[in-house]
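Participant: First the structure, then my questions, so here it is.
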Amino acid sequence: MTGKKRIPTLDLGECVDCEACLALCPEVFRRNDAGYIEVADLSEYPEERVQEAIADCPADCIKWTEATENSQ
């Protein structure tokens, strides 16, 4: 069965490194070894907390993206 899920994505080109997403939703957003903020690869994302991070992002660089599972 093919299903769709939403995943948060982060545009590093727009990110101002304010760390608001890290503070609001550390289970989803983290700093990688290279020093950049990244989105954790989770099977499910806490929608309300991610939405709060999206709303509070001053650079508007976090978005929801629909990913299709079992794509062609």
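Participant: Relative to the Cα centre, what is the charge dipole magnitude of the chain, using +1 at the beta carbon of each Lys and Arg, -1 at the beta carbon of each Asp and Glu, and rounding to the nearest 20 debye?
Facilitator: 200
Participant: Which angle from 0 to 90°, rounded to the nearest 10, does the C-alpha axis of helix 47-56 make with the longest principal axis of the chain?
Facilitator: Its long axis makes an angle of about 40 degrees.
Participant: For the chain, what is the calculated [θ] at 222 nm in deg cm²/dmol (nearest 500), taking -39500 (n - 2.57) for each run of four or more DSSP H residues and dividing by its residue count?
Facilitator: For the chain, the value works out to -5500 deg cm²/dmol.
Participant: Given a 1.4 angstrom probe, what's the average accessible area per residue across the chain, in square angstrom?
Facilitator: So the chain comes to 69 Å² accessible per residue, rounded to a whole number.
Participant: Same structure again: Ignoring ligands, DNA and RNA, what percent of the 1.4 Å accessible area of the chain is carbon and sulfur?
Facilitator: Using a 1.4 Å probe with all protein chains present, the chain comes out at 45 percent carbon and sulfur.
Participant: Rounded to the nearest 0.05, what FRET efficiency do Glu27 and Thr68 give with R0 = 25 Å and r taken as the Cβ-Cβ distance? Could you check?
Facilitator: The value I calculate is 0.55.
Participant: Follow-up. Given 20 °C and 1.002 mPa s, compute D for the chain with the Stokes-Einstein relation, Rh being the Kirkwood radius over Cα pairs; round to the nearest whole µm²/s.
Facilitator: Rounded to a whole number, D works out at 168 µm²/s.
The values are calculated or read from the model by the stated rules, or taken from the named source; none is laboratory data. If you're wondering where the values come from, they're calculated on a predicted model, not measured in any experiment. So basically every Cβ, Gly included, is an ideal-geometry build from the backbone, and we count neighbours across all protein chains shown. Accessible surface is based on the protein model in full, side chains and every heavy atom, while ligands, DNA and RNA are left aside. Shrake-Rupley method; radii C 1.70, N 1.55, O 1.52, S 1.80 Å.
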